[in-house]
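Any read-out appearing in this document is the output of simple, stated calculations on the displayed coordinates, not a laboratory observation. What you see is a predicted model, and the numbers here were worked out from it, not measured in a lab. Methodologically, a virtual Cβ is constructed for each residue, glycine included, from the backbone with ideal geometry; neighbour enumeration extends over all protein chains shown.
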Amino acid sequence: MDADQPLRAFWAISSEPRGNRFIREFVALASHNEIVRAEIARFASETRRIQAEAVDRRHLKARGIEPSISPPLIAFPMSAIASLLVNEVSLGVDVTHDEVTALIDSILRRPD
């Protein structure tokens, strides 16, 4: 997330189908293996921390923006929406995806 536009980079990474597919496979494996489950939980927690830090330091603070909500509350829904879109596309579901993607794109295009 070391980019000029970290929120766009965050969205792009979170929307990447191969990575999401890989995560789904490990989550399925975790349902049968406690060691894998614990590692996925550790990885997810660390990833969430890195995402929130990128939103906070790389985007907000770098632009002198004082957020009205905490960076984790910005990062979490971005990640969740991106993952849900990728997961649904993999199932052949695309209802409202164009509208959601257009909304996110318009938010990310806004000037700081």
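For the stretch 1-91, what's the relative contact order in percent, using C-alpha pairs closer than 8 Å and at least 6 residues apart?
42 percent
What length, rounded to one decimal in nm, is gained on full extension from Val89 through to Val36, with 0.36 nm per residue of separation minus their alpha-carbon distance?
16.5 nm
Cα-Cα pairs above 20 Å in the chain: how many percent?
That tail contains 46 percent of the Cα-Cα pairs.
Considering the chain as a Gaussian network with a 10 Å cut-off on Cα pairs, which listed residue, Ile35, Ile13, Ile81, attains the greatest mean-square fluctuation?
In the Gaussian network model the winner is Ile35.
For the residues His32, His97, what sequence is obtained by ranking on other C-beta atoms within 10 Å, fewest first?
His32, His97
Report ³J(HN,Hα) in whole Hz for each residue of the stretch 89-102, in order, from the Karplus equation J = 6.51 cos²θ - 1.76 cosθ + 1.60 where θ = phi - 60°; Gly and Pro get x.
Calculated HN-Hα couplings, in order: 4, 5, 9, x, 9, 9, 4, 6, 4, 4, 5, 5, 4, 5 Hz.
How do 73-79, 42-48 rank on mean C-beta neighbours within 10 Å, highest first?
With the highest mean Cβ count within 10 Å placed first, the list reads 73-79, 42-48.
Peptides 49-58, 20-29: what's the order by average Cβ count within 10 Å, highest mean first?
The packing order, highest mean first, is 49-58, 20-29.
Taking the 0 to 90 degree range and rounding to the nearest ten, how far is the long axis of helix 34-53 tilted relative to the main principal axis of the chain, both from C-alpha atoms?
10 degrees
Helix-only mean residue ellipticity at 222 nm, the chain, DSSP H runs n ≥ 4 weighted -39,500 (n - 2.57), per residue, nearest 500. What is it?
It comes out at -22500 deg cm²/dmol, rounded to the nearest 500.
What whole number of Å gives the distance from the Cα centroid of the stretch 57-106 to the Cα centroid of the stretch 28-42?
Computed from Cα coordinates, the inter-centre distance equals 26 Å.
With the dipole of the chain worked out from charges on the C-beta (+1 for Lys and Arg, -1 for Asp and Glu) around the Cα centre, which of Ala102, Ala28, Ser70 lies farthest toward the positive end?
Ser70
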